[in-house]
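Derivation of every value follows stated rules applied to the coordinates shown; laboratory data play no part. Note that the coordinates shown come from a computational prediction; the quantities given were computed from them, not determined experimentally. Backbone-built Cβ (ideal geometry, glycine too); neighbour counts: all protein chains shown.
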Amino acid sequence: MAASRDRRARVALAMNTGLARLEDEALYDAVAALTHRAVCDATGIPDPRQAWRSLFRSEDVVAVKLNCLAPQLAPSPGIVRAIVQGLGAVGIPPNHIIFYDKEDRDLEGAGFTLCAEGEGPYFYGTIGRTKNPGYEERFTLVGETSFRLTKIVTREATAIINVPVVKHHEYAGMTGALKNHFGSIHNPEDFHKFACDPAISDVNRAVAITSKQRLIIFDALRILYDGGPAYQPGCVMPYWAVMASTDAVAIDTKVCQLIDLCRQQKGLPPLADLHYPPKHIRTAAAAGVGIGDDDRIDLIVYQV
């Protein structure tokens, strides 16, 4: 069903260029504070505790989809810290929080300590030695796309937080909130053609994702504006921001514009002019996954 034409989406961008002068724990604390501000602005609720409580319930089990395929550009530990703090304010205990990616080795390569028991929070992949929950035996068929979802999403979680990073992608134009769920299925390599379209949209239409995803938090501390999704140090621009929204299409729309601004500064063509443009965003909007009409997206900018 298409989104109502009078509905609007909020996308928050919280920036602090002073982060460039910080390191280690001081940096992580500052990024956590920036994350809380972005969540407040995304929900329109100024108090951080109430902002998180507007999205989650104390009885939730929350799966947090990280993006660790390029470990040098994995989500900041400061964002992870803010998520644990925010969910804790809701009354969700650490052992009801699962940070996941496709494989154990993705998380471990990005510096996260694997864990699937004890006090939590937990860090493990769909595949790997830590817990290895695997994928559903039955395929999910949405539109033209057939895939098996991770059991972390289908059986363990009651809610999802999506934590992508800002990156160009060779086959999808850009990788963001929508593309990040290719790490929630067993066969993403089957769809890296035709600009990953309509496969990205179809995966995000799966009921287990649409019914559970509550929040997107983008790590925009650095932007990989070309050569992605693998890490290309010569194509990384510091930006020192965190973005948040409850609408995956709306936030991807704004992130696409952000990447284009970086590309323009470097004399590169916009993503829309590439051989594989990010047309999956428009497809997802047309399918009702979220709002892609820029006139109906409110961008709330906070800058220190």
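Can you give the local net charge around D101? Use residues other than it whose beta-carbon is closer than 13 angstrom to its beta-carbon, Lys and Arg +1, Asp and Glu -1.
0
Based on Cα contacts under 8 Å between residues 6+ apart, the chain shows a relative contact order of 24 percent.
The helix-only estimate of mean residue ellipticity at 222 nm for the chain, built from DSSP H runs of length n ≥ 4 each weighted as -39500 (n - 2.57), is -8000 deg cm²/dmol after division by the residue total. Straight-line cross-link partners of K254 among the lysines, defined as a Cα under 16 Å from its Cα and at least 8 positions apart when in the same chain: K167, K179, K279.
Under the definition of Cα pairs under 8 Å and six or more residues apart, what whole-number percent is the relative contact order of the range 1-78?
28 percent
Considering only S211, L224, H168, the residue lying farthest towards the positive end of the dipole of the chain is S211, judged by Cα position with unit charges set on Cβ. Once you reduce the range 276-296 and the range 83-137 to the center of their Cα atoms, the two points are 30 Å from each other.
The fewest-to-most ranking of H96, H192, H168 by surrounding Cβ atoms within 10 Å reads H192, H96, H168.
Net charge dipole, the range 203-304: roughly 260 debye, given to the nearest 20, about the Cα centre with Cβ charges of +1 for Lys and Arg and -1 for Asp and Glu. Taking other C-beta atoms within 10 angstrom as a stand-in for reagent exposure, Y28, Y100, Y239 fall in the order Y28, Y239, Y100, fewest first. Just to be sure I understand: of the beta bridges DSSP finds with both ends in the chain, what percent are antiparallel, rounded to 5? Looking only at bridges with both residues in the chain, the antiparallel portion is about 50 percent. Toward the positive end of the charge dipole of the chain, with +1 on the Cβ of Lys and Arg and -1 on the Cβ of Asp and Glu, the farthest Cα among C115, V64, S76 is that of V64. Rounded to the nearest 20 debye, the dipole magnitude of the range 9-303 is 240 debye, with +1 charges on Lys and Arg beta carbons, -1 on Asp and Glu beta carbons, and the Cα centre as origin.
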